[in-house]
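K.L.:
Take a look at the following structure, please.
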Amino acid sequence: MSTNSGHHYGYYPGCSITKNAAAYGVSTDAIARILGLHLHEISDWNCCGASEYFSINQLPAYALVARNLALAAGEGATEVVAPCSLCYVNLYKTDKNMRLHPDLKAKVNRALDAGNLHYEPDTLKVRHLLDIVVNDVGYDGVAAKVTKPLYNLRVAPYYGCLIVRPDTGFDNVEYPTTMDKLMETLGATVVDYPLKAECCGGHMTQISDTVALELIRRLLHNAAEYQADVIVTVCPMCQLNLDAYQADVNKRFGTNYHIPILYFTQVMGLAFGMTPKDVAIGKELVSADRALTKITAEPPEKPKTRKRDKKALPMPDMIE
Amino acid sequence: MKTSNGGNSFLDQVIKATPGGEKLVLCLQCGTCGGSCPSGPDMDYSPRMIFAMTSAGMKDQVLSSNTPWFCVSCYYCTVRCPQEIPITDIMYTLKQLAIQEGRYEQRKASDFSEHFIGYVENYGRSFELGLATRYFLFHNPLKLVNMGMGMGMSMILRGRMGFIPERIKNMDQLQNILDKAKQIAKEGAA
Ligand code: SF4
Ligand code: SF4
C-alpha cells in the first residue's frame with residue numbers, strides 16, 4: 001500500500017532546489033521512490049520571498065506565498081510539503097496568519113482575486129519534508145528499507161531554526177529529536193550536541209560577514225568538539241552557509257574544520273543502498289568522501305554495562 | 001485588545017502593520033529576547049531596548065538602527081517571550097517602515113532585500129538567497145568571481161550557481177496579484 005493513503009502531497013520544491021541545492025532535490029526524489037511517497041509538484045509555483053520580501057512590504061509578501069497555497073489547493077492537495085525550512089515557515093506562517101487575522105485574510109484574497117485565485121486558510125496542512133518522513137512514513141517504514149546501515153558514521157543532526165521555530169508543533173522548539181531518531185534508524189551513531197537548533201547565519205553572509213562567520217564558526221566548533229564526521233541538514237540555506245563558508249571560517253579564525261554538510265535525504269539514500277552518485281554526493285564543497293569511509297559493515301560494539309556491585313550503597317526508591 | 005499608549009503614533013504604526021502586533025504593549029522588559037538573540041552582541045540596541053524605545057516613541061533612533069537588519073529570523077525570541085509577542089514579525093515591520101520612511105542607514109541590508117525581490121517580481125523565482133549574484137554585480141562587480149567571501153568558482157564548477165532564475169509561466173497572474181496587494185497596502189497606510 002502506498003504511504004500516501006489519505007494524503008495528497010503538493011510538493012513545493014523552492015528556488016534553491018533548482019540550482020544550489022540540486023543535491024537535495026535529487027536525493028529527495030530518490031528516497032521518495034523507495035518509500036513509495038508521491039510528491040506532486042505544484043505546477044507553476046513561485047518563490048516564497050525567502051526572508052527578504054517580508055522586510056520590504058508585508059501584504060505583497062503574504063500574497064506571493066498565498067498564490068502557491070491557492071494553486072496547491074486547486075490541485076486537490078491536502079498538504080503542502082516543503083524541503084526548505086525557509087519556504088516551509090513562510091508557507092506555514094501565511095496559512096496561520098490568514099486563519100488568525102480575518103483582516104489579513106480578506107486583503108490577501110482581494111489581491112489573489114486579481115489573478116482569479118482564492119485561498120481559504122486551513123484548507124492545507126503545511127509540512128516540512130522531515131515531518132512527512134518521520135511521521136507519515138514513520139521510523140519503522142524507514143527501517144524496513146535500510147539495506148546498508150551507516151554503522152560507525154558519527155552524524156550530527158543540524159536542525160537550524162525554522163523547521164522548529166516558531167512553534168509549528170512538529171518537534172520541540174529548543175531541543176528537537178526527530179532527526180536524531182531518524183539517523184539512529186539508519187544505523188548511524190548520533191552526535192547529540194548542544195547547538196543543533198541554533199542559527200546558521202541566514203542571509204547575514206550577504207550583509208555582515210562578522211556576524212555570519214561567527215555564527216557558522218560556533219556550529220562547526222561545537223560539532224567538531226563532539227567529533228562529528230558529518231553534519232546533516234534539512235535546509236538549503238543551512239547547507240550553503242556551513243558548506244560554502246567553511247573555508248572562510250577557517251581563514252578568518254585560523255581553524256582547520258573539514259566537516260562535510262549533507263542533506264538528510266542523501267544519507268537516507270546511502271542507507272537504502274544507493275551509491276553516493278545516486279544521491280548527488282560530490283556537489284558539496286567540503287568533500288564527504290573521507291567521512292564516508294568511516295562506515296563499517298559491522299555495528300559498533302555496545303559499551304559494556306557494568307553490573308552493580310552488591311556492596312554498593314542502595315539506590316533511592318522512586319516514588320510514583 | 002486595547003492599546004492605550006498615550007497617543008504614541010509610532011507604536012500604533014508598528015502594531016497596525018504586524019499581525020498580532022497589539023501584544024507589543026504587554027512587553028515586560030524581561031530581556032529574554034535579547035538574551036536569546038544570536039545577533040544581539042552586534043546590534044545597536046537589543047530587541048528589548050528596541051521595544052522600550054518603540055513604546056517611548058523614539059521613531060528616529062529605532063528606524064535608523066541596525067537592529068532589525070541584523071535579525072536573522074531565528075524565532076528564538078518569539079518562542080521564548082513570556083508575553084507571546086511576535087517579535088520576529090515586528091522586526092520585519094520595522095524594516096518595512098524604515099524603508100518606507102527612508103530612515104534606514106543600513107543601505108547594504110535593504111539593498112540586498114530590494115534586489116532580491118526585484119528578481120521575484122520579474123521572474124516569479126529567485127536566485128540563491130545566499131549567493132546574491134545580482135547584488136554582488138551591483139555593489140562589487142570585480143569581486144563577483146571570488147564573491148568577497150569564499151566559494152565563487154567552486155560553486156560554479158559544481159553547477160550550484162545560477163545567474164538568472166527560471167521564469168514562471170503565469171507571470172502576468174503573479175504580477176496582477178502583487179500589484180493589487182501593493183495597492184491595498186497603500187490604501188491601508190494612508
Ligand atoms: S521577551 Fe517579550 S516580554 Fe521580554 S523583553 Fe522581550 S518582548 Fe518584552
Ligand atoms: S528572531 Fe531576530 S530578534 Fe529574535 S532572537 Fe532571532 S535574530 Fe534575534
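The values are calculated or read from the model by the stated rules, or taken from the named source; none is laboratory data. Keep in mind that what you see is a predicted model, and the values were worked out from it rather than measured. Reconstructed Cβ throughout: ideal geometry from the backbone, glycine too, with neighbour counts over all protein chains shown. Side chains are part of the model used for accessible areas, which takes the heavy atoms of the whole protein and leaves out ligands, DNA and RNA. Shrake-Rupley method; radii C 1.70, N 1.55, O 1.52, S 1.80 Å.
K.L.:
Taking only the C-alpha atoms, wrap a convex hull around region A:35-79 and report its volume per residue in Å³ as a whole number. Walk me through the numbers before you get to the answer.
P.N.:
On the way: hull volume 3.9 nm³, N = 45.
Measuring per residue, one finds 86 Å³ for the Cα hull of region A:35-79.
K.L.:
Right, here's the next one. Summarise the accessible area of region A:141-285 (1.4 Å probe, protein heavy atoms) by the percent that is carbon and sulfur.
P.N.:
For region A:141-285, the apolar C and S fraction of the accessible surface comes to 49 percent.
K.L.:
Sticking with this structure for a sec: Quote the FRET efficiency, to the nearest 0.05, computed for B:ASP12 versus A:ASP167 with a Förster distance R0 of 30 Å and r equal to the Cβ-Cβ distance.
P.N.:
My answer for the efficiency is 0.60.
K.L.:
Moving to a separate point now. Please work out the Kirkwood hydrodynamic radius for region A:214-299, using every pair of different C-alpha atoms, and report it in angstroms with one decimal place.
P.N.:
Every distinct Cα pair counted, the radius reaches 13.4 Å.
K.L.:
Which value, in nm² and rounded to one decimal, describes the direction-averaged projected area of the C-alpha convex hull of region A:109-218? Before the final figure, lay out each step's value.
P.N.:
Details: hull surface 41.9 nm².
Computing the convex hull of the Cα atoms and averaging its projections yields 10.5 nm².
K.L.:
Cα gyration tensor of region A:120-185, axes a ≥ b ≥ c as square roots of the eigenvalues: rounded (a/c below 1.5), prolate (a/b > b/c) or oblate?
P.N.:
Note, shape of region A:120-185 comes out oblate.
K.L.:
P(r) for region A:170-219, please, calculated from all Cα pair distances in 5 Å bins and given in %.
P.N.:
Answer for region A:170-219: a P(r) of 5, 19, 20, 16, 16, 13, 8, 2 percent.
K.L.:
Sorting check: for B:84-94, A:57-67, which peptide has the highest mean count of neighbouring beta carbons within 10 Å, and how do the rest follow?
P.N.:
Details: B:84-94: 23.4, A:57-67: 26.5.
My ranking of the peptides, most packed first, is A:57-67, B:84-94.
K.L.:
On to the next question. Return the residues of region B:75-98 for which accessible area with all protein chains present is lower than in the chain on its own by 20 Å² or more; set the probe to 1.4 Å and exclude ligands, DNA and RNA.
P.N.:
B:TYR75, B:TYR76, B:VAL79, B:ARG80, B:ASP89, B:TYR92, B:LYS95, B:GLN96
K.L.:
Would you please calculate the Kirkwood hydrodynamic radius of region A:144-276 over all C-alpha pairs and express it in Å, rounded to one decimal?
P.N.:
Kirkwood hydrodynamic radius for region A:144-276: 15.1 Å.
K.L.:
Pop the C-beta distance of A:ALA312 and A:GLN227 into the FRET formula with R0 = 35 Å and round what comes out to the nearest 0.05.
P.N.:
0.65
K.L.:
On to the next question. For the pair A:SER5/B:GLU101, report the inter-label distance in nm, with labels modelled 7 Å from Cα in the Cβ direction.
P.N.:
With each label placed 7 Å out from Cα toward Cβ, I get 5.8 nm.
K.L.:
Translational diffusion coefficient of region B:18-103 at 10 °C, 1.306 mPa s, Stokes-Einstein with Kirkwood Rh over Cα pairs, in µm²/s as a whole number.
P.N.:
126 µm²/s
K.L.:
Here's something else I'd like to know. At A:ARG99 and B:SER154, where each label point lies 7 Å from the Cα along Cα→Cβ, what is the point-to-point distance in nanometres?
P.N.:
Roughly 4.2 nm, to one decimal.
K.L.:
Going 7 Å from the Cα of A:THR296 in the Cα-to-Cβ direction, what parts of region A:149-182 have a backbone nitrogen less than 11 Å from that spot?
P.N.:
Label zone hits: A:151-153.
K.L.:
On to the next question. Starting from the Kirkwood radius over alpha-carbon pairs of region A:92-131, derive D by Stokes-Einstein at 4 °C in a medium of 1.567 mPa s and give it in µm² s⁻¹.
P.N.:
Calculated translational D: 120 µm²/s.
K.L.:
Carbon and sulfur atoms: what percent of the 1.4 Å accessible area of region A:7-130 do they account for?
P.N.:
The nonpolar share, carbon plus sulfur, comes to 51 percent.
K.L.:
Another one. Between chains A and B, what is the buried accessible area summed over both chains (1.4 Å probe, protein heavy atoms, nearest 100 Å²)?
P.N.:
Approximately 6200 Å² gets buried when A meets B.
K.L.:
State, as an integer percentage, the relative contact order of region A:1-157 based on alpha-carbon contacts under 8 Å between residues 6 or more apart.
P.N.:
25 percent
K.L.:
Within 10 Å of each Cβ of A:209-216, how many other protein chain Cβ atoms are there on average?
P.N.:
That works out to 3 on average.
K.L.:
Something else now. Considering only C-alpha atoms, what is the centroid distance from region A:84-100 to region B:36-57, in Å?
P.N.:
Here the answer is 25 Å between Cα centres.
K.L.:
For Cα pairs less than 8 Å apart in space and 6+ apart in sequence, what is the mean separation divided by the residue count of chain A, i.e. the relative contact order in percent? Spell out each step's value before the answer.
P.N.:
Numbers: 531 pairs, mean separation 59.1, N = 320.
Relative CO of chain A lands at 18 percent.
K.L.:
Could you state the per residue volume, in Å³, of the convex hull enclosing the Cα atoms of region A:1-114?
P.N.:
105 Å³
K.L.:
If you don't mind, another one. Within 10 Å of each Cβ in peptide A:8-20, how many partner chain Cβ atoms are there on average? Round it to a whole number, please.
P.N.:
4
K.L.:
May I ask you to order A:70-80, A:291-301, A:179-189 by the average number of other C-beta atoms within 10 Å around their residues, highest value first?
P.N.:
Final packing ranking: A:179-189, A:70-80, A:291-301.
K.L.:
Still on this structure, please answer the following. Taking all protein chains together and a probe of 1.4 Å, list A:ASP209, B:ASP60 from the most accessible to the least accessible.
P.N.:
B:ASP60, A:ASP209
K.L.:
Listed highest first by mean packing, meaning other Cβ atoms within 10 Å per residue, what order do A:283-289, A:45-51, A:304-310, A:34-40 come in?
P.N.:
Result, highest mean first: A:45-51, A:283-289, A:34-40, A:304-310.
K.L.:
If you take each beta carbon of peptide B:113-123 and count the beta carbons of other chains within 10 angstrom, what is the mean? List each step's numbers first, then the result.
P.N.:
Details: counts 11, 3, 2, 10, 12, 2, 3, 12, 4, 0, 3.
Counting other chains' Cβ atoms within 10 Å and averaging over B:113-123 gives 6.
K.L.:
Shifting gears a bit: Probe radius 1.4 Å, ligands and nucleic acids ignored: give me the carbon and sulfur share of the accessible area of region B:1-75 as a rounded percent.
P.N.:
Within region B:1-75, the accessible surface is 51 percent carbon and sulfur.
K.L.:
Per 5 Å bin, what is the whole-percent P(r) computed from every C-alpha pair distance within region A:49-173?
P.N.:
2, 10, 18, 20, 18, 12, 8, 5, 4, 2, 1, 0
K.L.:
What ratio of Cα Rg to 2.2 N^0.38 Å holds for chain A?
P.N.:
1.08
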